[in-house]
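Peer 1: One structure is given below, represented as structure tokens, and several questions about it will come after.
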Amino acid sequence: MTKYIMALDAGTTSNRCILFDQAGRICSSAQKEFTQYFPKPGWVEHDPEEIWCTQLEVARQAMANIGATARDIAAVGVANQRETAVVWDKKTGKPIHRAIVWQCRRTAGYCDELKAQGYTEIFRQKTGLVLDAYFSATKLRWLLEEVPGARARAEKGELLFGTIDTWLIWKLTGGKTYVTDYSNASRTMLFNIHTLQWDKEILKQLAIPACMLPTVQPSSCIYGVSDPSLLGAPIPIGGAAGDQQAALFGQVCFSPGEAKNTYGTGCFLLMNTGGVPVFSKNGLVTTIAWGLDGKVTYALEGSVFVAGAAIQWLRDEMQLIKSAQDSEFQAQKVPDTNGCYVVPAFTGLGAPYWDAYARGAILGLTRGVNRYHIIRATLDSIAYEVCDIVSAMEADGGIRLTALKADGGAAANNYLMQTQADLIGAPVARPRCVETTAMGAAYFAGLAVGFWESMDTLLANGGVDRVFQPSMPEVERQKRLKGWRQAVGQVRMETAL
Ligand code: ADP
């Protein structure tokens with residue numbers, strides 16, 4: 001009898017491994033950070049070999065912690081930082097360059113060129129995405145253009161491209177399995193989310209050889225088995241999904257209209273829209289949530305670039321708080337923000353504004369505004385940003401959000417969660433197990449091998465830690481939202497300052 005599912009959570013700053021039992025409980029975990037490379041302003045890279053070694057190390061450690069062997073593990077599931085691009089040599093397994101990370105802006109100029117040539121709508125219709133350097137396509141093109149000899153080698157079929165899921169599964173299977181799942185493919189800006197194939201026209205436009213792209217598979221299926229030398233015996237690899245989609249699944253948002261928001265460095269709000277892709281008129285992207293049981297489920301997604309990072313800014317640059325946790329206590333030393341708004345547009349504004357040139361501001365300052373008001377206004381800004389996305393989603397989907405499921409580091413902040421419920425006018429539920437990303441990966445893998453029988457059995461797992469009910473009078477809510485909209489209006493820019 002196998003006892004566990006192994007989830008590999010390959011994040012942006014660290015890799016984690018969690019072993020879950022059948023009740024969805026965490027039995028063991030291990031985590032390790034890896035190096036972030038910033039070769040130029042706005043550029044971000046990772047070493048793919050380091051990502052692999054760290055991931056393997058934490059997997060072995062999570063097993064060792066509880067004396068688990070490969071025979072105790074029914075399957076492995078992978079959840080990964082999305083969009084990050086790796087290219088490696090098919091024969092030697094050596095990456096030809098460091099991975100270009102999703103945050104990296106190096107191809108922004110090329111995206112501007114494509115936009116000027118009128119490609120925005122074509123990309124949006126085919127891929128569901130906003131034409132932006134955030135997604136993998138232009139990163140891969142950059143590697144082919146800039147690494148000497150890369151294009152010729154790619155055309156000869158010597159090189160492989162992958163997002164982190166593909167890279168890790170290829171390494172785990174000793175180079176035998178070259179796959180990605182629908183959710184990760186949908187973040188490359190090379191994948192047609194209607195035909196469920198790599199889009200030939202886009203590949204031609206970006207001059208990307210189709211032979212360097214992985215086979216796209218469901219998020220829950222047996223892709224292959226791990227090389228026996230790695231974990232002691234072969235283990236089926238049964239699940240893969242991008243981290244945000246995995247969290248949506250981990251939060252059991254299985255029905256259309258269900259949504260989760262992850263409060264991390266940034267915020268990622270995803271709403272299940274069922275079997276049809278809903279196209280946004282309000283600055284959201286359309287993406288594949290997962291492929292499961294012969295069907296694809298779509299999601300609408302809104303991403304906010306700076307959320308928990310604004311709390312780090314309060315701590316590190318402004319030195320107004322000692323720790324991120326401290327913000328909860330400090331914010332409640334005052335009854336309101338005294339009319340003050342913080343707009344943390346440090347790297348521009350993401351969804352629903354997509355204003356690359358906006359910058360942050362503190363507005364509404366009067367003589368009586370003190371540090372506590374600013375701390376409170378910064379926490380509020382996270383809730384307002386999420387509110388903007390909820391409004392955009394409601395407008396696009398023509399439905400009213402009935403509840404929001406929260407996770408991520410900053411979801412631990414009770415003041416923030418209550419403010420969020422008040423501002424969206426709907427309950428916010430925080431799960432008992434906040435490791436929803438890893439949980440989603442485990443669920444996909446466990447379903448593939450029958451460790452869990454069906455999605456219904458998963459509904460019994462997990463459970464809620466606390467539900468925050470909205471309690472703000474509607475007049476007050478509208479007044480505050482109006483103030484926020486005015487504040488955002490003040491920081492918007494057409495061009496750089
Ligand atoms: P990521 O996965 O993006 O690295 P996490 O989900 O680990 O992020 O969350 C970390 C972020 O949450 C940090 O930006 C931190 O400032 C913020 N954070 C953590 N705890 C709190 C808290 N109690 N209140 C507000 N923000 C918090």
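The values are calculated or read from the model by the stated rules, or taken from the named source; none is laboratory data. Just so it is clear, the structure is predicted and the values come from calculations on it, not from any experiment. Glycine gets a Cβ as well: all are built from the backbone with ideal geometry, and neighbour counts include every protein chain shown. For accessibility, only protein heavy atoms count, side chains too; no ligands or nucleic acids. Shrake-Rupley method; radii C 1.70, N 1.55, O 1.52, S 1.80 Å.
Peer 1: Considering every residue within segment 349-360, establish whether at least one is farther than 26 Å from GLU394 by Cα and either within 13 Å of the ligand (Cβ to nearest atom) or not in a loop (DSSP other than H, G, I, E, B) (or both).
Peer 2: So far as segment 349-360 goes, no, none of its residues is farther than 26 Å from GLU394 by Cα and either within 13 Å of the ligand (Cβ to nearest atom) or not in a loop (DSSP other than H, G, I, E, B) (or both).
Peer 1: Just to be sure before I move on: is PHE279 surrounded by fewer than 23 Cβ atoms within 10 Å (Cβ to Cβ), in contact (Cβ under 8 Å) with a residue 40 or more places away in the chain, of a type in the set (Phe, Trp, Tyr) and within 16 Å of the ligand (Cβ to nearest atom) in the structure I sent?
Peer 2: In short, no.
Peer 1: Name the one entry in ALA410, ALA438 that is open to solvent by 10 Å² or more (accessible area, probe 1.4 Å), of a type in the set (A, V, I, L, M, F, W, C), within 16 Å of the ligand (Cβ to nearest atom) and in contact (Cβ under 8 Å) with a residue 60 or more places away in the chain.
Peer 2: Among ALA410, ALA438, only ALA410 is open to solvent by 10 Å² or more (accessible area, probe 1.4 Å), of a type in the set (A, V, I, L, M, F, W, C), within 16 Å of the ligand (Cβ to nearest atom) and in contact (Cβ under 8 Å) with a residue 60 or more places away in the chain.
Peer 1: I'd like to check something: does segment 294-309 contain any residue that is of a type in the set (Phe, Trp, Tyr) and in a loop (DSSP other than H, G, I, E, B)?
Peer 2: Yes, some residue in segment 294-309 is of a type in the set (Phe, Trp, Tyr) and in a loop (DSSP other than H, G, I, E, B).
Peer 1: Also, quick follow-up: Run ARG432 past the list (1) under 20 Å from VAL390 (Cα atoms); (2) within 23 Å of the chain's Cα centre (by Cα); (3) among the basic types (Lys, Arg) and report the number of the one that doesn't hold.
Peer 2: Against the list (1) under 20 Å from VAL390 (Cα atoms); (2) within 23 Å of the chain's Cα centre (by Cα); (3) among the basic types (Lys, Arg), ARG432 comes up short only on (1).
Peer 1: Would you pick out the residues in segment 252-294 that are among the polar types (S, T, N, Q) and under 22 Å from CYS387 (Cβ atoms)?
Peer 2: ASN261, THR262, THR265, ASN272, THR273, SER280, ASN282, THR286, THR287
Peer 1: Another question about this same structure. On the basis of being under 24 Å from GLU301 (Cβ atoms), within 16 Å of the ligand (Cβ to nearest atom) and in contact (Cβ under 8 Å) with a residue 24 or more places away in the chain, does ARG376 make the cut?
Peer 2: Judged against the criteria, ARG376 is not a match.
Peer 1: When residues of segment 459-481 are filtered for being part of a helix (DSSP H, G or I) and either polar (S, T, N, Q) or in contact with a Gly (Cβ under 8 Å, 6 or more places away or on another chain) (or both), how many remain?
Peer 2: Number satisfying all stated conditions: 3.
Peer 1: Please find, within segment 362-383, the residue that is farthest from the chain's Cα centre (by Cα) out of those that are over 17 Å from LYS322 (Cβ atoms) and open to solvent by less than 10 Å² (accessible area, probe 1.4 Å).
Peer 2: It comes out as ALA377.
Peer 1: Another question, if that's okay. Can you name the residue in segment 302-322 that is touching a helix residue (DSSP H, G or I) at 6+ places or on another chain (Cβ under 7 Å) and open to solvent by less than 20 Å² (accessible area, probe 1.4 Å) and, of all such residues, is farthest from GLY348 (Cα to Cα)?
Peer 2: Applying the filter and picking the extreme gives ILE321.
Peer 1: Just one of SER327, SER323 is within 11 Å of the ligand (Cβ to nearest atom), free of Cβ contacts under 8 Å to residues at least 24 places away in the same chain, among the hydroxyl-bearing types (Ser, Thr, Tyr) and under 23 Å from ASP407 (Cβ atoms); which is it?
Peer 2: SER323 is the lone residue from the list that is within 11 Å of the ligand (Cβ to nearest atom), free of Cβ contacts under 8 Å to residues at least 24 places away in the same chain, among the hydroxyl-bearing types (Ser, Thr, Tyr) and under 23 Å from ASP407 (Cβ atoms).
Peer 1: Another question about this same structure. Mind telling me which of the residues GLU57, GLU33, GLU49 ends up being open to solvent by 10 Å² or more (accessible area, probe 1.4 Å), without any contact (Cβ under 8 Å) to a residue 60 or more places away in the chain and within 15 Å of the ligand (Cβ to nearest atom)?
Peer 2: That would be GLU33, the only listed residue that is open to solvent by 10 Å² or more (accessible area, probe 1.4 Å), without any contact (Cβ under 8 Å) to a residue 60 or more places away in the chain and within 15 Å of the ligand (Cβ to nearest atom).
Peer 1: Please tell me if LEU270 is more than 13 Å from the chain's Cα centre (by Cα), within 27 Å of ASN461 (Cβ to Cβ), crowded, with 21+ Cβ neighbours inside 10 Å and not hydroxyl-bearing (Ser, Thr, Tyr).
Peer 2: Spelling it out, it is not the case that LEU270 is more than 13 Å from the chain's Cα centre (by Cα), within 27 Å of ASN461 (Cβ to Cβ), crowded, with 21+ Cβ neighbours inside 10 Å and not hydroxyl-bearing (Ser, Thr, Tyr).
Peer 1: Need a quick list: strands (runs of 3 or more DSSP E) entirely within segment 190-259 having at least 3 residues that are open to solvent by less than 10 Å² (accessible area, probe 1.4 Å).
Peer 2: Hits in segment 190-259: 236-242.
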